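Asker: The structure that follows is given in the form of structure tokens.
Since every read-out is calculated from the coordinates, none of them should be taken as a lab result. Quick caveat, the model's predicted, so the values are computed rather than measured. Ideal geometry is used to build each Cβ from the backbone, glycine not excepted, and the neighbour counts take in all protein chains shown.
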Amino acid sequence: MNSITHTSVPFDASAKYALVLHGGAGTIIKANMTTEMEMAYKDALNEALTIGEKILKAGGTSIDAVDNVIRFMEDCPLFNAGRGSVFTHEGHVEHDASFMNGFDMSAGAVTGIKMIKYPISAARAVMENSEHVFLSGQGAEQFAIEQGVEKADPSYFYTEQRWLALQRILQSEDQGTELSEDADNQKHGTVGCVALDIKGNIAAGTSTGGMTNKKFGRIGDSPIIGAGTYADNKTCGVSSTGHGEFFIRFTVARDIAALMEYKGLSLKQASDEVIYNKLTQNGGLGGVVALDVFGNIAMPFNTEGMYRGYIRPGERVVGMYREED
Ligand code: ASP
């Protein structure tokens, strides 16, 4: 178990529990969306929130809530994670995922895995049952299988929509043409969830197929603790989505927590600063979902849209487009 223990911060009991999630950020515009697609996304986001809410309401842990919410999203072909993952340049699916526990700052991550049905549970197994934080490729698969995480044949991850998205990109590369906005939008995506349980513990997780046409074993931010995922009961939990190369360089998730820890900023101030100032000024696109130990929630993004939602006792919000919360 890889952990540093520190005292947890007093919990505002009136907040009880909270959970926030995302299904990726990008060029999500109402005009490009059919009513059926919009409904399908909203239903999936609502279902994911309900899964998390049931666990938290019954006194379950934030870790179980994050794991189960993300497993549902990994099963849903609408999102670029698990079954709905995008294809690499060579036509494979390679998953990245990470998990962090804000109580003791233990963390686990996997990258480049191809045959594990629920990559988020592989990351959780690394966090809970290994002496390491970050495992890659075949070693990560072997560890996950030994831990009893379910396997899946690579064909399980084939979806026609993602395959066609790769073909469109390969064709535009061949012909030297620009990608349409819609095709560009289908290049990425990620799922992520941050939860606060009734004991005041925060957990965060992120899972993705990465970016369509990724080459040379490219790894994005999603499995990188401090970039794609972060959780610390002292400050907040964060899950990122967007152009991974920028999120890695600006250590986006940790930067938000650091602004709260060292400068005393609120969750909103810290996450707005990192997404709207630092990331945007440097040309990075994407967003985060985050919550603090008081149950405050932030969902800033600088793209046209972000699939997102949160629940707190008596409160539920689901959004996709910019002007919605
Ligand atoms: N952050 C992911 C990556 O770079 C992609 C995304 O969230 O859209 O792999």
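Asker: So what's the projected area for the chain, the Cα convex hull averaged over all directions, in nm²?
Answerer: 15.4
Asker: Determine, from the Cβ-Cβ distance of Lys268 and Glu323 and an R0 of 25 Å, the FRET efficiency 1/(1 + (r/R0)^6), rounded to the nearest 0.05.
Answerer: Working: r = 18 Å, r/R0 = 0.71.
For R0 = 25 Å, the calculated efficiency reads 0.90.
Asker: If you count, for each residue, the other Cβ atoms within 10 Å and average over each peptide, how do 37-49, 57-69 line up from highest to lowest?
Answerer: 57-69, 37-49
Asker: Using only the Cα atoms of the range 89-190, what do you get for the radius of gyration and for Dmax, in Å?
Answerer: Over the range 89-190's Cα set, Rg and Dmax evaluate to 16.5, 52 Å.
Asker: Distance in nm between label sites at Leu164 and Ala58, each 7 Å beyond Cα in the beta-carbon direction?
Answerer: 3.9
Asker: Okay, next question. Report the extension gain between Asn282 and Lys234 in nm, rounded to one decimal, defined as 0.36 nm multiplied by the number of residues separating them, less their alpha carbon distance.
Answerer: Length gained between Asn282 and Lys234: 14.4 nm.
Asker: May I pose another question? So which GluC sites (Glu not before Pro) in the range 98-171 end up in coil per DSSP with only 14 or fewer other C-beta atoms within 10 Å?
Answerer: Of the GluC sites (Glu not before Pro), the ones in loops of the range 98-171 whose Cβ has at most 14 other Cβ atoms within 10 Å are Glu131, Glu150.
Asker: Quick one: dipole size for the range 230-293, taken about the Cα centre, charges +1 on Lys/Arg Cβ and -1 on Asp/Glu Cβ, in debye to the nearest 20. All intermediate terms of the calculation are to be shown ahead of the outcome.
Answerer: Working: 6 positive and 7 negative charges, 13 e Å.
For this selection, approximately 60 debye.
Asker: Which entries of Lys57/Lys187; Lys57/Lys268; Lys54/Lys151; Lys151/Lys268; Lys54/Lys187; Lys214/Lys263 have Cα-Cα distances beyond 31 Å here?
Answerer: Lys57/Lys187; Lys151/Lys268; Lys54/Lys187; Lys214/Lys263
Asker: Then there is this: Roughly what percent of Cα-Cα pairs across the range 17-67 reach past 12 Å?
Answerer: Tail of P(r) above 12 Å: 67 percent of Cα pairs.
Asker: Hey, another quick one. In nm, to one decimal, how far is the Glu150 label point from the Glu38 one, both placed 7 Å along Cα→Cβ?
Answerer: Inter-label distance under the simple model: 3.3 nm.
Asker: To the nearest 10 degrees, how steep is helix 119-129 against the longest Cα principal axis of the chain, on a 0 to 90 scale?
Answerer: With rounding to tens, the tilt is 40 degrees.
Asker: Once you have all Cα-Cα distances for the range 182-306, histogram them in 5 Å bins from zero and send the whole-percent values.
Answerer: That works out to 2, 13, 23, 25, 19, 10, 5, 2, 0, in percent per bin.
Asker: Moving on to the next point. Which loop chymotrypsin sites (Phe, Trp or Tyr not before Pro) in the range 177-279, with loop taken from DSSP, have no more than 11 other Cβ atoms within 10 angstrom of their Cβ?
Answerer: Numbers: sites: Phe216, Tyr230, Phe246, Phe247, Phe250, Tyr262, Tyr276; in loops: Phe216, Phe250.
Of the chymotrypsin sites (Phe, Trp or Tyr not before Pro), the ones in loops of the range 177-279 whose Cβ has at most 11 other Cβ atoms within 10 Å are Phe216.
Asker: Okay, next question. Please provide three numbers in whole Å: the alpha-carbon extents of the range 237-322 along the principal axes, with the largest listed first.
Answerer: Taking max minus min along each principal axis of the Cα atoms, the range 237-322 gives 38, 31, 16 Å.
Asker: Separate question: Find how much the distance from Thr50 to Thr27 grows on full extension, using 0.36 nm per residue of separation minus their present alpha carbon separation; answer in nm with one decimal. Spell out each step's value before the answer.
Answerer: Values: separation 23, 0.36 × 23 = 8.28 nm, distance 2.62 nm.
Going from the current span to full extension adds 5.7 nm.
Asker: Looking only at the range 292-325, which residues have a backbone nitrogen under 13 Å from a spot 7 Å from the Cα of Glu178 in the C-beta direction?
Answerer: What the label zone holds, given the 13 Å backbone N cut-off, is no residue at all.
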